[in-house]
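Step one of this worksheet: look at the structure below.
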Amino acid sequence: MTAMFSRVVMKLSKLPLIPCMPTLKNRLKHESLFLCYCGFPSLIRSFSQTPKVYQLNKKISHLIRSGRLSEARDLFDSMNERTIITWNSMINGYVQRREMAKACQLFNEMPKRDIVSWNLMISGYISCHVGRYIEEGKKLFDQMPERDFVSWNTMISGYAKNGRMDEALKLFNKMPERNIVSWNAIITGFLLNGNVALAIEFFKKMPKRDSASLSALISGLIQNGELDVAARILHEYGNIDEGKEDLVHAYNTLIAGYGQKGRVEEARHLFDQIPNYKGQTDVGKNKFKRNIVSWNSMMMCYVKVGDIVSARDLFDKMIERDTFSWNTMINGYVQISAMEEASTLFAKMPNPNTFSWNSIISGFAQIGDLKLAKDFFERMPHKNLISWNSIIAGYEKNEDYKGAIKLFSRMKLEGHRPDRHTLSSVLSVSTGLVDLYLGRQVHQLVTKTFIPDVPINNSLITMYSRCGAIIEARYIFNEMEPKKDVISWNAMIGGYASHGFAAEALELFELMKSKVHPTYISFISVLNACAHVGLVEEGKRQFHSMINEYGIMPRVEHFASLVDIVGRHGQLEEALDLINNMPFEPDKAVWGALLGACRVHNNVELAQVAAEALIKLEPESSAPFVLLYNMYADLAQWDDAEKVRVSMERRSIKKQTGYSWVDSSNCHR
DNA sequence: GTAGGGTTAG
């Protein structure tokens with residue numbers, strides 16, 4: 001009874017003051033209002049306010065809604081007549097901004113409070129999402145003279161969202177009467193805490209459900225990875241034929257859920273089940289119809305699987321589009337790199353927001369057009385952290401390390417705090433520059449800013465080992481226990497291999513095989529390690545084990561290593577055999593390995609073959625000429641040496657200092 | 001659209 005009555009009051013309180021009652025309908029309204037006044041003195045006060053106060057209250061709430069809190073406070077202070085709603089609105093303003101001290105001050109100052117005042121304060125404390133504040137909320141809840149559904153439900157959802165389901169359930173069981181919102185709060189709580197089974201049990205047990213119950217369950221199930229369960233629930237409880245309930249939320253959620261998993265056909269099936277009404281704006285009371293979110297979600301599904309044609313088809317068919325629709329479409333083009341279409345759409349789009357600008361920037365960065373990326377970056381009106389991260393990552397990926405560093409300093413100067421994405425890029429910059437000093441600084445910044453996750457730790461390992469600080473790399477690797485992925489192992493083994501610690505690389509590789517499945521990259525490092533210390537048989541064994549035991553097809557890098565291994569051991573004919581029989585066109589690493597081996601074993605004939613192949617692949621490189629020249633000089637074949645020098649001069653190639661094939665061929669990643 | 005609770009795409 002109380003529940004029904006309070007619902008009536010809620011409805012009526014939305015009605016404006018009625019100056020006269022010419023119609024029967026209005027008279028009924030008035031009489032019901034009168035009834036309510038009798039039971040709820042606070043409502044009499046609310047409704048007996050003068051039109052002036054009503055207007056000013058409205059103004060305050062409007063100011064708060066548009067984020068102009070201080071203006072609202074000025075207006076509040078200037079009012080000489082205030083109602084409870086005036087106070088409550090102002091308190092609400094502070095509660096929204098989580099300024100609980102100010103809210104609390106007003107709450108204490110106000111001459112009379114009603115249930116809403118208390119509820120506002122409770123919800124403020126709850127939303128702070130800090131453990132001790134929830135207790136402040138509970139204190140108020142216990143103190144308040146009377147409670148309604150909102151009081152109970154606020155408190156329940158507060159506990160549920162803080163993972164304290166025991167307390168939430170205690171209140172749920174204690175409350176005199178429960179409504180749909182109480183049940184929804186409990187179900188959401190279970191889902192937040194990963195208790196799928198109880199969430200479903202409560203959902204089935206609740207006496208009455210609404211579309212929010214279904215939406216909450218569906219989205220929670222998807223967040224718990226239970227996509228198929230969610231689909232079954234929707235099938236069972238989402239009665240399309242009724243058409244009264246606003247099912248489109250639940251449908252949209254599931255469409256997006258399928259999209260995340262790339263199950264685009266199932267998403268489309270759902271999308272097609274939602275009535276479209278082909279552009280009719282007024283389809284009566286039927287709320288179950290496609291809305292802009294349905295279209296956007298379906299588009300996202302197509303974008304996700306790279307089906308840009310279908311996405312565009314939907315985009316073109318949409319009767320109205322919002323910023324989200326445009327961004328999804330632009331992002332779709334960005335993801336398949338086709339940038340012309342993306343920038344055309346961007347130019348056509350009515351109100352590009354920061355998200356749109358960021359998409360365009362990272363798109364141009366992706367295709368290596370740093371100039372355009374930077375252009376857009378400088379022109380955009382509001383740069384956020386993602387904008388900075390996109391442009392810095394773009395510079396890093398395109399190996400403009402100095403540019404990346406410059407942007408990073410500027411970003412800090414302009415008052416943006418780097419996050420893990422920023423620092424990951426700057427870490428890669430340190431690796432690219434082989435700048436241990438910078439790398440250490442970034443490492444410190446990482447430690448200060450957040451707890452490093454697996455990808456960041458992997459970048460740290462790579463940075464330290466690439467900079468030669470192998471002990472520090474190993475330290476990070478050990479600290480990661482037990483959270484390592486295959487990249488961590490590859491980074492560490494690669495670090496050992498490239499610095500000649502073959503024994504350590506092989507030992508770690510044996511350990512790796514007992515924990516995770518190696519990848520082709522692991523084998524590049526292992527072969528590399530074998531090459532370094534001349535482990536010929538071990539190298540061959542690993543090469544065959546990769547193919548036969550791990551089913552990994554050898555790539556040109558593996559062949560380059562193998563050529564290096566056998567060639568250095570003096571088996572130059574076998575090395576040449578390998579090159580002639582490998583299933584790829586040999587690249588510069590392969591010929592470089594052979595040339596290096598020829599130099600070691602003074603095989604000038606074969607060296608000539610390798611050098612010629614290299615010159616064909618890289619006509620502007622001086623390395624093969626220099627190596628060949630040195631070989632002839634060593635053998636005192638001065639005529640041949642002179643020929644090489646002349647030929648090099650004819651091609652106007654200058655000797656690059658500090659460059660040698662023997663070194664570079666050992667530096668595979 | 002004068003104040004408070006549960007749900008929806010990035």
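Per-structure values
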quantity: Condition check for A:Phe172: more than 11 Å from DNA strand B (Cβ to nearest atom) and in contact with a Lys or Arg (Cβ under 8 Å, 6 or more places away or on another chain); calculated: yes
quantity: First in the range A:465-476 and touching a residue at least 24 places away in the same chain (Cβ under 8 Å) and surrounded by fewer than 19 Cβ atoms within 10 Å (Cβ to Cβ), second anywhere and assigned to a helix (DSSP H, G or I) and among the basic types (Lys, Arg), Cβ under 9 Å, 6 or more apart; calculated: A:Ala469/A:Arg440
quantity: Pairs with Cβ under 6 Å, 6+ apart, first in the range A:249-271 and on the phi > 0 side of the Ramachandran plot, second modelled with pLDDT of 90 or more and of a type in the set (A, V, I, L, M); calculated: A:Gly262/A:Val305
quantity: Helices (runs of 4 or more DSSP H) within the range A:269-388 that include 2 or more residues under 25 Å from A:Ser424 (Cβ atoms) and under 19 Å from the mean Cα position of the chain (by Cα); calculated: A:292-304, A:323-335, A:354-366
quantity: Residue among A:Ile156, A:Ile180 that alone is surrounded by fewer than 19 Cβ atoms within 10 Å (Cβ to Cβ), on the phi < 0 side of the Ramachandran plot and in contact with a helix residue (DSSP H, G or I) (Cβ under 8 Å, 6 or more places away or on another chain); calculated: A:Ile180
quantity: Output for the range A:68-87, where each listed residue is out of contact with any Gly (no Cβ under 7 Å at 6 or more places or on another chain), assigned to a helix (DSSP H, G or I) and farther than 18 Å from A:Asp114 by Cβ; calculated: A:Ser70, A:Glu71, A:Arg73, A:Asp74, A:Leu75, A:Asp77, A:Ser78
quantity: Residue, nearest to A:Ile91 (Cα to Cα), within the range A:105-125, restricted to residues that are charged (D, E, K, R) and more than 10 Å from DNA strand B (Cβ to nearest atom); calculated: A:Glu109
quantity: Elements of type helices (runs of 4 or more DSSP H) in the range A:93-185, at least 2 residues being basic (Lys, Arg); calculated: A:131-143, A:165-174
quantity: Only one of A:Glu549, A:Glu538, A:Glu574, A:Glu557 that is of a type in the set (D, E, K, R) and touching a His at 6+ places or on another chain (Cβ under 8 Å); calculated: A:Glu557
quantity: Criterion (aliphatic (A, V, I, L, M) and free of Cβ contacts under 8 Å to residues at least 60 places away in the same chain) met by exactly one of A:Ala503, A:Ala531; calculated: A:Ala503
quantity: A:Lys412, sole failed condition from (1) within 17 Å of A:Ala342 (Cβ to Cβ); (2) free of Cβ contacts under 8 Å to residues at least 24 places away in the same chain; calculated: (1)
quantity: Extreme residue, farthest from DNA strand B (Cβ to nearest atom), among residues of the range A:183-228 that are small (Gly, Ala, Ser) and crowded, with 20+ Cβ neighbours inside 10 Å; calculated: A:Ala199
quantity: Odd one out for A:Ala560, checked against (1) crowded, with 23+ Cβ neighbours inside 10 Å; (2) free of Cβ contacts under 8 Å to residues at least 60 places away in the same chain; calculated: (2)
quantity: Hits in the range A:478-492 - residues which are crowded, with 24+ Cβ neighbours inside 10 Å and not aliphatic (A, V, I, L, M); calculated: A:Trp489, A:Asn490
quantity: Single unsatisfied condition, A:Phe324 versus (1) buried (at least 20 other Cβ atoms within 10 Å of the Cβ); (2) closer than 28 Å to A:Ala212 by Cα; (3) out of contact with any Phe, Trp or Tyr (no Cβ under 6 Å at 6 or more places or on another chain); (4) at pLDDT 90 or above; calculated: (1)
quantity: Residue that is surrounded by the most Cβ atoms within 10 Å (Cβ to Cβ) [pool: residues in the range A:327-354 that are farther than 16 Å from A:Ala373 by Cβ and within 13 Å of DNA strand B (Cβ to nearest atom)]; calculated: A:Met329
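Let's see how each residue does on (1) free of Cβ contacts under 8 Å to residues at least 24 places away in the same chain; (2) touching a Ser or Thr at 6+ places or on another chain (Cβ under 6 Å):
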residue: A:Gln55; (1), (2): yes, no
residue: A:Ser66; (1), (2): yes, no
residue: A:Gly93; (1), (2): no, no
residue: A:Arg97; (1), (2): no, no
residue: A:Glu109; (1), (2): yes, no
residue: A:Val116; (1), (2): no, no
residue: A:Ser123; (1), (2): no, yes
residue: A:Tyr133; (1), (2): no, no
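Residue-wise test of (1) under 38 Å from the mean Cα position of the chain (by Cα); (2) surrounded by 18 or more Cβ atoms within 10 Å (Cβ to Cβ).
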{"residue": "A:Asp74", "(1), (2)": "no, no"}
{"residue": "A:Asn92", "(1), (2)": "yes, yes"}
{"residue": "A:Met100", "(1), (2)": "yes, yes"}
{"residue": "A:Met110", "(1), (2)": "no, no"}
{"residue": "A:Arg113", "(1), (2)": "no, yes"}
{"residue": "A:Leu120", "(1), (2)": "yes, yes"}
{"residue": "A:Tyr133", "(1), (2)": "yes, yes"}
{"residue": "A:Met144", "(1), (2)": "no, no"}
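The values are calculated or read from the model by the stated rules, or taken from the named source; none is laboratory data. Please read these numbers as outputs of a predicted model, since none were measured by experiment. As a convention, Cβ positions derive from the backbone with ideal geometry for all residues, glycine included, and neighbour counts pool all protein chains shown.
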